[in-house]
Amino acid sequence: SPYSSVATFTMNQAPSTPTALETEEATNPTCVSDATPEFTAVFSDPDGHDASQYQIQVNTASDFNGTSMWDSGLTGGISTTSGSRTGPISYAGTALTFNGTTYYWRIKFADEYGTVSGWSATANFRMNIPPTTPTQPLTESLVNPIDIGILDPTFSAIFNDPDTCSTTEHSEYYEIE
């Protein structure tokens, strides 16, 4: 018989490289104090498909040849439409260090057909440095006073925080023993 009329089909295209990476709702934040920070990125797919999986890698080196803190592997459980920001994805790797360490991360997505994007650009976040020991403790504005004659003395000390990102001149919390 003669050939049928010509039919066409289009192959599924890979999702675009993820963009607009955020950690704790900020781009490359410098004072993360959450032990399980949350990551988001914008997913885009030239075919308009939804994202159904992600893979995140967190490392101590920007080239990802340092210590691997977390590699989620290709993980399901998301449904993000093309052109949208993902919901928060919580860190689930090795414990992060609160000493000013900078960590690097990247993400890729798979569409609902399992086609995987390339890796995003590398983003980073720096962990908070805890305050140092308070200095110059005083009782009733005196150093080591004796014979305090009141039942409710006042105490004070100088708060020291090596982080340049601290926005206050005082600690939000204190404990006196």
(request) Treat every Asp and Glu Cβ in the range 3-131 as -1 and every Lys and Arg Cβ as +1, leave all other atoms uncharged, and give the resulting dipole magnitude about the Cα centre to the nearest 20 debye. (result) 240 debye
(request) Report the one residue of 105, 115, 82 whose Cα lies farthest in the direction of the positive end of the charge dipole of the chain (charges on C-beta: Lys and Arg +1, Asp and Glu -1; origin at the Cα centre). (result) 115
(message) Show me, bin by bin at 5 Å from 0, the whole-percent P(r) of the range 14-86 based on Cα pairs.
(response) 3, 14, 21, 26, 19, 12, 4, 1
(request) Tell me the label-point distance for the pair residue 75, residue 20, using the 7 Å Cα-to-Cβ offset, in nm and rounded to one decimal. (result) 2.2 nm
(message) At 0.36 nm per residue, and after removing the present C-alpha to C-alpha distance, how many nm does the segment from residue 36 to residue 152 gain when stretched out fully?
(response) 37.8 nm
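Report, in cubic angstrom per residue, the convex hull volume of the C-alpha atoms of the range 67-133.
Convex hull of Cα atoms, per residue: 120 Å³.
Tell me, what % of the accessible area of the range 72-124 is carbon and sulfur with a 1.4 angstrom probe? Provide the component values of the computation, followed by the final result.
Working: 1130 of 2420 Å².
Result for the range 72-124: 47 percent of the exposed heavy-atom area is carbon or sulfur.
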(request) Under a 10 Å cutoff between Cα atoms, tell me which one of 73, 149, 87 has the largest fluctuation in the Gaussian network model of the chain. (result) 149
(request) For residue 31, enumerate residues with amide H under 5 Å from its amide H, sequence gap 5+ or separate chain, H modeled in the peptide plane. (result) 126
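Rounded to two decimals, what ratio of Rg to Rh does the chain give with C-alpha atoms and a Kirkwood Rh?
Numbers: Rg = 25.6 Å, Rh = 19.9 Å.
Across the chain, the Cα-based Rg/Rh ratio is 1.29.
Can you check what the net charge comes to around residue 104, using other residues whose Cβ is under 11 Å from the Cβ of residue 104 (Lys, Arg +1; Asp, Glu -1)?
On the way: positive: 106, 126; negative: 63.
So the surrounding residues net to +1.
Roll a 1.4 angstrom probe over the protein heavy atoms and tell me the percent of accessible area of the range 1-42 that is carbon or sulfur. It would help to have the intermediate numbers written out before the result.
Values: 1560 of 2940 Å².
Carbon with sulfur: 53 percent of the solvent-accessible area.
The values are calculated or read from the model by the stated rules, or taken from the named source; none is laboratory data. Keep in mind that what you see is a predicted model, and the values were worked out from it rather than measured. In this analysis, Cβ positions are derived from the backbone assuming ideal geometry, glycine residues included, and neighbour counts consider all displayed protein chains. Note: accessible area is taken over every heavy atom of the protein model, side chains too, but ligands, DNA and RNA are not part of it. Shrake-Rupley method; radii C 1.70, N 1.55, O 1.52, S 1.80 Å.
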